[in-house]
Amino acid sequence: MEYLKQIRIDSESRIPKYRQIVNSIIEDIERGVLPIGQRIPSINEISEEYYLSRDTVEKAYNYLKEKQIIVSAKGKGYYIARTVLPSKINVLFLLNKLSSYKLRIFNSFVNSMGNNAKVDLNIYHCDPKILLNILNENMGRYDHYVVMPHFKDDNLLHHSHNTEVLEALRKIPEDKLLIMDNPLPELKRNVASVFQDFKMDIYEALKEGHERLKRYKKIILVYPRKTMYPYPQEILQGFQNFCTDFNFDFEVLDEIYHDMELRPRDVYITIEEADLVSLVRQVRDKKLTLGEDIGIISYNDTPLKDLLGITVISTDFQVMGETAAYMILKKKKEEVKNVFSFINRNSV
């Protein structure tokens, strides 16, 4: 085979021989010397031509197969399966749901990674089975895996993991895995992490807004208990702890009803956009003054809430994406708690 003579192996180089084979083939794919579908020499042919052990060549081919750069056809040999971009960092980004907040993190991450990265986005809809399928299909294909571990069970309760998910994540090398948004100490591995501390975040943010909250008689958290994309139960726990520690009368509702019994000097904390919209509409319809008669705090900030003057308690989604990108680019394996704050806009 003519290409057999073109493989570049330097016997004096300290680069492992198998890696030299890999690099040579990848470089030739980049240069267009090896198009998709092109047959390449067999393991035995390279072994005999360059006086290498069969194990060395087989190691190179196994690497290329894992990356799905080459495929083997029984009885026919090995063929180029796809083009490659070896100069780019290939990242698989796994979101639990497609929301404006998650997309802000993703876009910030992509922008911060720059042109030298190729980031593929997959959504697993809080379903551990979908996540496992995605990981199994893509194991070994990427340089880095970014995972947001938020799952639901059959009762639509939020969980951070299950046994199968932990086993799958442990198959990813520590330096290739980054856990984002939700901490995963049960993984028991030294991996990079950028996370929210849902229980303490809401506690400390409400503590930051304590002086304004003292104007109200009752705090009402609208926490959806049965939703397709469940929220961490730590949010509820942190809220209850704050109210107990600071002697606030409080109540937890599943949703904002269309005919709420709105009482002056109640302050509401909403999580879902639909509840916020419904509550603001009812406040206006009943001629109540927002920030005086009724207080509203929304969980997670958006540009629209800023425009409308809605007070929020929120993490900084842009910073989260930027931090994750920085850790990958600088090869950091740290656990970083993302900033979370009370942003007053006079709706309380």
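The values are calculated or read from the model by the stated rules, or taken from the named source; none is laboratory data. Everything numeric here is computed off the predicted structure, so don't read it as measured data. Here the Cβ is made from the backbone with ideal geometry for all residues, glycine too, and neighbour counts use every protein chain on show. Just so you know, the surface numbers come from the protein's heavy atoms only, side chains and all, with ligands and any DNA or RNA stripped out. Shrake-Rupley method; radii C 1.70, N 1.55, O 1.52, S 1.80 Å.
Remarks
- Count - residues of region 243-252 that are closer than 29 Å to R284 by Cα and touching a helix residue (DSSP H, G or I) at 6+ places or on another chain (Cβ under 9 Å): 5
- On the stretch given as region 36-50, residues that are surrounded by 17 or more Cβ atoms within 10 Å (Cβ to Cβ) and either part of a strand (DSSP E or B) or of a type in the set (A, V, I, L, M) (or both) total 3.
- Exclusive hit being open to solvent by less than 70 Å² (accessible area, probe 1.4 Å) and farther than 30 Å from M327 by Cα, set V22, V33, V91, V71: V33
- Filter result for P16 (in contact with a strand residue (DSSP E or B) (Cβ under 7 Å, 6 or more places away or on another chain) and either surrounded by fewer than 12 Cβ atoms within 10 Å (Cβ to Cβ) or over 22 Å from R82 (Cβ atoms) (or both)): no
Condition check ((1) of a type outside the set (F, W, Y); (2) touching a residue at least 24 places away in the same chain (Cβ under 8 Å)) across all residues:
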residue: K199; (1), (2): yes, yes
residue: L213; (1), (2): yes, yes
residue: Y229; (1), (2): no, yes
residue: L236; (1), (2): yes, no
residue: F246; (1), (2): no, yes
residue: D249; (1), (2): yes, yes
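- When residues in region 295-311 are screened for being buried (at least 21 other Cβ atoms within 10 Å of the Cβ) and of a type in the set (A, V, I, L, M, F, W, C), 3 of them pass.
- Every residue from region 179-191 that is closer than 22 Å to M320 by Cβ and either assigned to a loop (DSSP other than H, G, I, E, B) or open to solvent by less than 40 Å² (accessible area, probe 1.4 Å) (or both): I179, M180, D181, N182, P183, L184, L187, R189, N190, V191
- Among the criteria (1) open to solvent by 60 Å² or more (accessible area, probe 1.4 Å); (2) closer than 30 Å to D301 by Cα; (3) more than 17 Å from the chain's Cα centre (by Cα); (4) not β-branched (V, I, T), the one L156 does not fulfil is (1).
- Filter result for L121 (at pLDDT 95 or above and either open to solvent by 60 Å² or more (accessible area, probe 1.4 Å) or among the aliphatic types (A, V, I, L, M) (or both)): yes
- The residues on offer are Y257, Y326, and the sole one that is more than 17 Å from Q196 (Cβ to Cβ), hydroxyl-bearing (S, T, Y) and assigned to a loop (DSSP other than H, G, I, E, B) is Y257.
- Test for D285: is it open to solvent by 20 Å² or more (accessible area, probe 1.4 Å) and either touching a strand residue (DSSP E or B) at 6+ places or on another chain (Cβ under 9 Å) or touching a residue at least 40 places away in the same chain (Cβ under 8 Å) (or both): no
- Selection status of E292, of a type in the set (D, E) and surrounded by 15 or more Cβ atoms within 10 Å (Cβ to Cβ): no
Let's see how each residue does on (1) in contact with a Leu (Cβ under 7 Å, 6 or more places away or on another chain); (2) closer than 15 Å to H150 by Cα; (3) of a type in the set (A, V, I, L, M, F, W, C):
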| residue | (1), (2), (3) |
| --- | --- |
| V191 | yes, no, yes |
| D197 | no, yes, no |
| E204 | no, no, no |
| K207 | no, no, no |
| E211 | no, no, no |
| K218 | no, no, no |
| P230 | yes, yes, no |
| Q233 | no, yes, no |
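- Yes/no for I219 being touching a strand residue (DSSP E or B) at 6+ places or on another chain (Cβ under 9 Å), among the hydrophobic types (A, V, I, L, M, F, W, C) and more than 17 Å from S341 (Cα to Cα): yes
- Per this entry, K176 is counted among residues that are within 19 Å of the chain's Cα centre (by Cα), open to solvent by 10 Å² or more (accessible area, probe 1.4 Å) and modelled with pLDDT of 95 or more.
- From the options D55, D10, D28, residue that is assigned to a helix (DSSP H, G or I) and surrounded by fewer than 15 Cβ atoms within 10 Å (Cβ to Cβ): D55
- Of all residues in region 63-98, those being over 30 Å from I43 (Cα atoms) and without any contact (Cβ under 8 Å) to a residue 12 or more places away in the chain number 0.
- Of all the listed residues (Y79, Y61), the sole one being out of contact with any helix residue (DSSP H, G or I) (no Cβ under 9 Å at 6 or more places or on another chain), under 17 Å from E27 (Cα atoms) and surrounded by 15 or more Cβ atoms within 10 Å (Cβ to Cβ) is Y79.
- Residue in region 270-282 that is open to solvent by 60 Å² or more (accessible area, probe 1.4 Å) and in a strand (DSSP E or B) present: no
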